[in-house]
Amino acid sequence: MADLSVNIGELKMKNPVMTASGTFGYGDEFADFIDLEQIGGIIVKGTTLYKREGNPYPRMAETPSGMLNAVGLQNKGVDYFVENIYPNIKDINTNMIVNVSGSAIEDYVKTAEIINELVNIPAIELNISCPNVKQGGMAFGVTACGANEVVKAVRAVYKKTLIVKLSPNVTDITEIARAAEDAGADSVSLINTLLGMAIDAESRTPLLSTVTGGLSGPAVKPIALRMVWQVAKAVKIPVIGLGGIMNWKDAVEFMLAGASAIQIGTANFIDPAVTVKVVDGINDYLDRHGYSSVKDIIGALEV
């Protein structure tokens, strides 16, 4: 058996397989299907400073080779997380990571400060695809300046591993990645969902209440793979790849493109045990190809 361990900054992972925020609940919902401690990291659903109701229904729609979602970061706020969720997940023997979202920089900062005090949460993933209410609704992560500003503010108060999740809805994602790195990010994860839309021709109405939503699933994989490859060459910090990973082969492809770890999202809805199957598949691949460590395939694409 190969050595599957990887490091994301100071975060030590037993293997490179993580779950993507919003597709795995708080982790314990999947405990009946798999041994959660076999996963390298679990990124819990998006957490905000205050409670959010999310968007009106319908807010999910199936599309060819993918799905659209416009859930809208529904959650009960960080205080509820600390008091009611954290006690139930803090003893799971893997990296429990909180995805942090906000509508203003001070929201991100306050939420990060609160989570920084939780001993058994070793990292946060900063979702900078959120609209900035003080800048006309433009997402923080679509400009290098906006990304740098929010990451720098959070870095000043958050003392553990800081992962920044990048939006693909930009002109040059490497520019955003470098801005996050310059502001103190320990790692970048990509891609978040692509902006998409679906229409019911018979009723002449959109399938989502919000008209547009985030596209995920196999349809986005070639774009995600390309962006991970570009970003891995542009930054010195570890890259976490996600976007359409459905099996071990997809995961290996992302690592060959330069990802130090991967996240599985939409596939969890289809097969709740897919994460552990991917761990086993990566190990089998390494054994078959004579690699002693998973680190040997990171960025090993022959171009």
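The values are calculated or read from the model by the stated rules, or taken from the named source; none is laboratory data. The model shown is predicted, which means the values in this text are computed figures rather than measured ones. Cβ placement follows ideal geometry from the backbone for every residue including glycine, while neighbour counts extend to all protein chains displayed. Heads up: the accessible areas ignore ligands, DNA and RNA and are worked out on the full protein's heavy atoms, side chains in. Shrake-Rupley method; radii C 1.70, N 1.55, O 1.52, S 1.80 Å.
For residue 293, the residues 5 or more places off, or on other chains, whose built amide H falls under 5 Å of its own are 3.
Summarising the amide proton neighbourhood of residue 47: residues at separation of 5 or more, or on other chains, whose placed amide H is nearer than 5 Å comprise 99, 100, 101.
Of the whole protein surface, residue 113 contributes about 80 Å² of accessible area at a 1.4 Å probe radius. Inter-label distance, residue 83 to residue 293: 4.6 nm, where each label sits 7 Å from its Cα along the C-beta direction. Per residue, the chain exposes 43 Å² of solvent-accessible protein surface, assessed with a 1.4 angstrom probe and all protein chains in place.
Rolling a 1.4 angstrom probe over segment 58-209 with all protein chains present gives an accessible area of which 51% lies on carbon and sulfur atoms. Maximal additional length on extending the residue 35-residue 202 stretch stands at 55.6 nm, based on 0.36 nm per residue less the C-alpha distance. Summary value for the chain: 21 percent relative contact order, contacts being C-alpha pairs under 8 angstrom separated by 6+ residues. Backbone N atoms of segment 76-96 closer than 15 Å to the 7 Å Cα→Cβ label point of residue 113 belong to residues 78-79.
Here the spin labels are modelled as points 7 Å beyond Cα on the Cα-Cβ line, and at residue 91 and residue 159 they lie 2.6 nm apart. Scalar couplings 3J(HN,Hα) for segment 259-276, obtained by applying the Karplus form with A = 6.51, B = -1.76, C = 1.60 to θ = phi - 60°, are 6, 7, 8, 9, 10, 10, x, 3, 4, 4, 6, 8, 9, x, 9, 4, 4, 5 Hz; x denotes Gly and Pro. Given a Förster radius of 35 Å and the C-beta distance between residue 172 and residue 10 as r, what FRET efficiency does 1/(1 + (r/R0)^6) yield to the nearest 0.05? About 0.75, to the nearest 0.05. Considering only beta bridges that DSSP places wholly inside the chain, some 40 percent are antiparallel. Applying the criteria of a DSSP loop state and at most 11 other Cβ atoms within 10 Å to the trypsin sites (Lys or Arg not before Pro) of segment 231-276 yields 236. Working note: Karplus 6.51/-1.76/1.60 with θ = phi - 60° gives segment 19-31 the couplings 9, 7, 4, x, 10, 9, x, 9, x, 5, 5, 9, 5 Hz, where Gly and Pro are set to x. Here each label is just a point 7 Å from Cα along the line to Cβ, and for residue 280 and residue 57 those points are 3.6 nm apart.
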